[in-house]
Amino acid sequence: MTTPAHPDCKALARIGAAVRERLAAEPGIRRFPEERAEIYAIDGFLAAPTCARLMTLIDGVACPSSLVDGTSWPDYRTSYSGDIDEADECVRILEARLSAVTGISPMCGEAAQGQRYLCGQYFNEHCDWFDTAAGYWRDERRCGGQRSWTAMVYLNTVDEGGMTDFTRVALSIPPCAGTLLLWNNALPDGSPNPWTMHAARPVVRGVKYVVTKWFRTRAWQ
Ligand SMILES: O=C(O)CCC(=O)C(=O)O
Ligand SMILES: [Fe+2]
C-alpha cells in the first residue's frame, strides 16, 4: 500500500470548498487581493470589552512560546503564549462565532491559544500546517490530523510594528484591535499552500496580543 503524498488532502479540499462558499456570503468580510492564497479579514469582529477580557486571560497563562515540533529554538519565536480557559464566557463566545463564520465544527478547533508579544518580540517565518514527514505527525494524525484553516484575532492595535507578514506574497497586515484574520492553509486541491508562509514581525512600540484558533481536518482530541 502506498502512503498518500499529502495525508488528509481530499478532506482538506472539501473543507476548503465549504468554507470558501460560506465566506462568500459573509457580510463585511474582505479577501486580500492575492490569488495564490485565501486570506480574509473581518474588521470589528470582537468588541473592545471582549478583547480586554481575552488579554487579561492571556496575561494569566502566558509562558515562553514553543514550536510545533517541540524543539527549543529560542530565537525563532520569542513571544509568550498559552491556552486560554475554554470555560470563560468570552472564549465560548469567540469559539461559537468562529464556527458560525467558517462553518467548521467547534469540535475540530484546537484550544484557543493566546499570544503576547512585548517590544522586540516576534515569530519568524513559518507555516501553520504540520510536516507529515516529521516524527510528531504520528501523534498529530491521531488527534485531528492536518490543520485546515487558521483564525486569528488581533486584540489590540499596536503602536508600531507587529505586522503579520505573508512573506511569500508580500502581504503585510498591521494589527488592528478586534480584526479577525482568517486563512486557508491548503490549496484548493487540499495540499499545503506554500504561499501562506507567514511571520509576526517584531513589535517596535507597544505590545501585541492575539488569540489563535487552528482548525483540524477531524475532531481535535
Ligand atoms: O502573531 C501573528 O501575527 C502571527 C502568529 C502566528 O503565526 C502563529 O501563532 O502561528
Ligand atoms: Fe502561524
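The values are calculated or read from the model by the stated rules, or taken from the named source; none is laboratory data. Computed from a predicted model, the values in this text were never measured in an experiment. With ideal geometry, Cβ positions are generated from the backbone for all residues, glycine too; neighbour counts draw on all protein chains shown. Side chains are part of the model used for accessible areas, which takes the heavy atoms of the whole protein and leaves out ligands, DNA and RNA. Shrake-Rupley method; radii C 1.70, N 1.55, O 1.52, S 1.80 Å.
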Legend entry - So residue 160, is it open to solvent by 40 Å² or more (accessible area, probe 1.4 Å), of a type outside the set (Gly, Ala, Ser) and either over 22 Å from residue 108 (Cα atoms) or within 16 Å of ligand 2 (Cβ to nearest atom) (or both): yes
Legend entry - Failed item in (1) out of contact with any Phe, Trp or Tyr (no Cβ under 6 Å at 6 or more places or on another chain); (2) open to solvent by less than 60 Å² (accessible area, probe 1.4 Å); (3) more than 28 Å from residue 16 (Cβ to Cβ), with residue 54 passing the rest: (3)
Inset, instruction - Could you grab me the full set of residues in segment 138-157 that are closer than 16 Å to residue 215 by Cα, away from ligand 2 (no atom under 13 Å from the Cβ) and touching a Leu at 6+ places or on another chain (Cβ under 7 Å)? - result: 146, 148, 153
Inset, instruction - Assess whether residue 155 counts as being at pLDDT 95 or above, more than 29 Å from residue 35 (Cβ to Cβ), more than 9 Å from ligand 1 (Cβ to nearest atom) and open to solvent by less than 10 Å² (accessible area, probe 1.4 Å). - result: yes
Inset, instruction - Note down all Cβ pairs under 7 Å where the first residue falls in segment 116-132 and is of a type in the set (Gly, Ala, Ser), the second is away from ligand 2 (no atom under 15 Å from the Cβ) and open to solvent by 30 Å² or more (accessible area, probe 1.4 Å), and they're at least six residues apart or on different chains. - result: 120/202
Legend entry - Of all residues making up segment 137-166, the number that are more than 21 Å from residue 119 (Cα to Cα) and of a type outside the set (A, V, I, L, M, F, W, C): 11
Legend entry - From 78, 132, 102, residue being more than 15 Å from the chain's Cα centre (by Cα) and under 24 Å from residue 145 (Cα atoms): 132
Legend entry - segment 175-188: number of residues that are more than 10 Å from ligand 1 (Cβ to nearest atom), in contact with a Phe, Trp or Tyr (Cβ under 9 Å, 6 or more places away or on another chain) and either open to solvent by 20 Å² or more (accessible area, probe 1.4 Å) or over 19 Å from residue 104 (Cβ atoms) (or both): 5
Inset, instruction - Identify the residue in segment 174-185 that is assigned to a strand (DSSP E or B) and within 11 Å of residue 210 (Cβ to Cβ) and, among all such residues, is farthest from ligand 2 (Cβ to nearest atom). - result: 180
Legend entry - Residues within segment 76-88 that are touching a strand residue (DSSP E or B) at 6+ places or on another chain (Cβ under 8 Å) and assigned to a loop (DSSP other than H, G, I, E, B), tallied: 4
Inset, instruction - Would you mind stating whether residue 204 is in contact (Cβ under 8 Å) with a residue 60 or more places away in the chain, within 16 Å of ligand 2 (Cβ to nearest atom) and either touching a helix residue (DSSP H, G or I) at 6+ places or on another chain (Cβ under 6 Å) or not in a helix (DSSP H, G or I) (or both)? - result: no
Legend entry - Complete set of residues in segment 89-137 that are within 23 Å of residue 7 (Cβ to Cβ), within 16 Å of ligand 2 (Cβ to nearest atom) and either open to solvent by 60 Å² or more (accessible area, probe 1.4 Å) or part of a strand (DSSP E or B) (or both): 109, 126, 131
